[in-house]
1. Give all pairs with beta carbons closer than 9 Å in which a residue from region 79-93 that is on the phi > 0 side of the Ramachandran plot and touching a residue at least 12 places away in the same chain (Cβ under 8 Å) meets a residue that is in a strand (DSSP E or B) and among the polar types (S, T, N, Q); count only pairs at least 6 apart in sequence or on separate chains.
2. Go through (1) touching a residue at least 40 places away in the same chain (Cβ under 8 Å); (2) closer than 27 Å to residue 147 by Cβ; (3) surrounded by fewer than 23 Cβ atoms within 10 Å (Cβ to Cβ) for residue 106 and report which single condition fails.
3. Considering (1) of a type in the set (Lys, Arg); (2) at pLDDT below 95; (3) not in a strand (DSSP E or B), say which one residue 70 fails and leave the rest.
4. Please verify whether residue 102 is outside any loop (DSSP other than H, G, I, E, B), among the β-branched types (Val, Ile, Thr) and modelled with pLDDT of 90 or more, treating the condition exactly as stated.
5. Residues that are surrounded by fewer than 21 Cβ atoms within 10 Å (Cβ to Cβ): which strands (runs of 3 or more DSSP E) entirely in region 16-67 hold 3 or more of them?
6. Of the residues that make up region 136-149, is at least one within 20 Å of the chain's Cα centre (by Cα), among the acidic types (Asp, Glu) and modelled with pLDDT of 90 or more?
7. Among the helices (runs of 4 or more DSSP H) confined wholly to region 131-199, which include 3 or more residues that are under 26 Å from residue 5 (Cβ atoms), β-branched (Val, Ile, Thr) and touching a residue at least 60 places away in the same chain (Cβ under 8 Å)?
8. Select from region 108-133 the residues that are modelled with pLDDT under 90 and more than 17 Å from the chain's Cα centre (by Cα) and list them in ascending order.
Amino acid sequence: MLLLVGLGNPGPRYAQNRHNIGFMAVDEIVRRHGFQPWRKRFQAETAEGRLANGKVLAMKPQTYMNESGRAVGEALRFFKLEPEDVIVLYDEIDLAPNKLRVKCGGGSGGHNGIRSIESHIGRDFWRVRLGVGHPGEKDLVHSHVLNDFGKSDQAWVEKLLDAVAAEIPSLCAGDAPRFMSRVAEAINPPRPKPPKRKDGAVKDDEAAEDTAPSSSAGEGG
C-alpha cells in the first residue's frame, strides 16, 4: 500500500493558491483514476483507489500546511508502512513553472509542509516537486505562494496536472525515471519529423542540411 499525499491549506480561501498545487494534483489523480469518494480520516481528506495494481490512499491533510506531518504520521503508523511507501506532491519555488522533479529523501528546502512530515516520519519518503516559480525576492515569497495562480498560468497548470495524473502509475510502480520522462514529454511533446516524399527521398532543404559541413568538435584535426 502507498500513501499519496498532496500538500496545501484547507478551505476555499486557499483553493487556487500556488501553495495548494499539491492538493490540486491529488484531486486530479483521484478524479482520473476513479478513486472512492473523499472522506475524513487521519486528520485529512482521504480517498482510496488502486494504481499500478496496488492499493493507494490519497490524502489531503486538513491540519494546515505547517502541521501536515501529523496526518501523514498517523496514517503511516496505522497501516504499518515505511517512509518509502509515502509519495508527497507539493509546490516548489526553486523550480520554474511547469517543471517537475522527483526524489526519495533529501532536505526540506525551506518548505514547512515537508519539514513537518520529516519531523513525524523521517526523510526517506518520495517527493514530487511541482514548480511554481520564484518571485525574485525573498521578501515576496510568502505572498507569492499564498496568492492564486494568475489567468496566464491556467494553461500550463492544467497541462502539468493532467500529465502528473496520467503518468502517476509509473511512479507508484517504482519507476521514477519513466514517470519524469513521460510527464516531460506530455508537457513538451517532441516535434514531429518532417514528411518524406513518396519515393522515400527527403525534401531539398533537408538534403542541404545533411550535406552541410559538420561543426563537430575536433574538425580540422
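The values are calculated or read from the model by the stated rules, or taken from the named source; none is laboratory data. Fair warning: this is a prediction, and the values are worked out from it, not measured in the lab. Using ideal geometry, Cβ is built from the backbone for each residue, glycine included, and neighbour counts are taken over all protein chains shown.
1. none
2. Here residue 106 meets the rest and fails (1).
3. Looking at each condition in turn, residue 70 falls short on (2).
4. Values: outside any loop (DSSP other than H, G, I, E, B): yes; among the β-branched types (Val, Ile, Thr): yes; modelled with pLDDT of 90 or more: yes.
Yes.
5. Details: elements: 39-41, 44-51, 54-61.
Correct list: 39-41, 44-51.
6. no
7. Working: elements: 141-145, 154-172, 176-187.
Helices (runs of 4 or more DSSP H) meeting the threshold: 154-172.
8. 110, 112
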